[in-house]
Amino acid sequence: MTRPVLLVTGASSGIGAATARAAADRGWRLVLVARTGPALEALAAELGGRDVAVSAPCDVGDWDQVRVLPEVAVAAFGRLDAVFANAAAVVATSFRHGTGTPEQWRELVLTNVYGTAITVRATLPALIAARGHLLLTGSVAGQVTVPGQLYSVTKWAVTALARSLRAELVTTGVRTTLIAPGLTDSGVVSPDRAADPMLRPDDVARAVLYALDQPPEVDVNEIVIRPTGQDQHR
Ligand SMILES: NC(=O)c1ccc[n+]([C@@H]2O[C@H](COP(=O)([O-])OP(=O)(O)OC[C@H]3O[C@@H](n4cnc5c(N)ncnc54)[C@H](OP(=O)(O)O)[C@@H]3O)[C@@H](O)[C@H]2O)c1
């Protein structure tokens, strides 16, 4: 059997890069998506070059760049079996104090909500044809109430998107998984949480691979994964 193909957005660092490495170890071939081409090319080379991984520089907030991603997968490997929509922007905000610029608020919504939604839109026809697997990165911040954080609002939207997709795709054979990590040490942790318990990107990658590794009749819909000891309100 030819090796299956996974497209990962946000693959240039953190959870996306760790997942690409873990998936390559399990025999997946990868399409690596983010805006920073050199980081993707370095990771593709590390994973074994064009037979294993190709880079596809792309801003997930731009439909013209996103809609061609399935074609990149088919041109490189002849198929697309799974998509991990994982790219996101992280900006600290406050509604009360107006923290974060309006442009940063726009970027949060455009990347995390619109970007995730159009990644799904662009890749679903291929996934339906393949009876494939769609995985979205949400967050514990999309499961609990976080005062002031527009980021949390965007991640609640990703939770809703995952549930909506499961309902709409129920007759297609496509499986949907929401991965909702707690605090993860991927370089974007705010200074006020630097001493808090954290997952490593590898810990989240194992959860993604757990969902991907299941047989076709098993649809793992949501995985919430916190570092042991994470604050009871988060
Ligand atoms: N770290 C945590 O504590 C934590 C907790 C829960 C959930 N998450 C979620 O986990 C996911 C991965 O984040 P991470 O922690 O691994 O942080 P990260 O290392 O900063 O990864 C974010 C990734 O998204 C990409 N990205 C950002 N904007 C993009 C855009 N417009 N178009 C394409 N790619 C874009 C970045 O690459 P470029 O800059 O090269 O584009 C990068 O590869 C995100 O969905 C995040 O919300 C993180």
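The values are calculated or read from the model by the stated rules, or taken from the named source; none is laboratory data. Note that the structure is a prediction, hence the values are computed from the model and not measured. Cβ sites come from the backbone with ideal geometry, for glycine too, and all protein chains shown count toward neighbours. These area figures cover heavy atoms from the full protein model, side chains too; ligands, DNA and RNA do not enter into them. Shrake-Rupley method; radii C 1.70, N 1.55, O 1.52, S 1.80 Å.
Annotations
- For the stretch 1-14, filtered to residues that are touching a residue at least 60 places away in the same chain (Cβ under 8 Å) and within 13 Å of the ligand (Cβ to nearest atom), the residue that is surrounded by the fewest Cβ atoms within 10 Å (Cβ to Cβ) is 13.
- Yes/no for residue 152 being assigned to a helix (DSSP H, G or I), within 11 Å of the ligand (Cβ to nearest atom) and either over 15 Å from the mean Cα position of the chain (by Cα) or among the acidic types (Asp, Glu) (or both): yes
- Any hit, the stretch 86-102, residues being among the hydroxyl-bearing types (Ser, Thr, Tyr), open to solvent by less than 20 Å² (accessible area, probe 1.4 Å), under 30 Å from residue 170 (Cα atoms) and touching a Ser or Thr at 6+ places or on another chain (Cβ under 7 Å): no
- Note on the stretch 166-181: residues that are closer than 17 Å to residue 6 by Cβ and outside any loop (DSSP other than H, G, I, E, B) amount to 5.
- Scanning the stretch 194-224 for residues that are in a helix (DSSP H, G or I) and surrounded by 13 or more Cβ atoms within 10 Å (Cβ to Cβ) yields 201, 202, 203, 204, 205, 206, 207, 208, 209, 210, 211, 212.
- In the stretch 182-193, the residues that are touching a residue at least 24 places away in the same chain (Cβ under 8 Å), within 7 Å of the ligand (Cβ to nearest atom) and assigned to a loop (DSSP other than H, G, I, E, B): 182, 183, 186, 187, 188
- Selected residue (criterion: farthest from residue 201 (Cα to Cα)) from residues of the stretch 97-141 that are part of a helix (DSSP H, G or I) and among the charged types (D, E, K, R): 103
- Selection over the stretch 15-38 of residues that are under 23 Å from residue 181 (Cα atoms), surrounded by fewer than 22 Cβ atoms within 10 Å (Cβ to Cβ) and within 6 Å of the ligand (Cβ to nearest atom) gives a count of 1.
- Residues of the stretch 55-85 satisfying the condition of being open to solvent by 50 Å² or more (accessible area, probe 1.4 Å), more than 10 Å from the ligand (Cβ to nearest atom) and not hydrophobic (A, V, I, L, M, F, W, C): 64, 67, 71, 78, 79
- Positions within the stretch 134-149 being within 12 Å of the ligand (Cβ to nearest atom) and open to solvent by 40 Å² or more (accessible area, probe 1.4 Å), in sequence order: 143, 146, 149
- Some residue of the stretch 86-96 being more than 17 Å from the chain's Cα centre (by Cα), within 28 Å of residue 216 (Cβ to Cβ) and not hydrophobic (A, V, I, L, M, F, W, C): no
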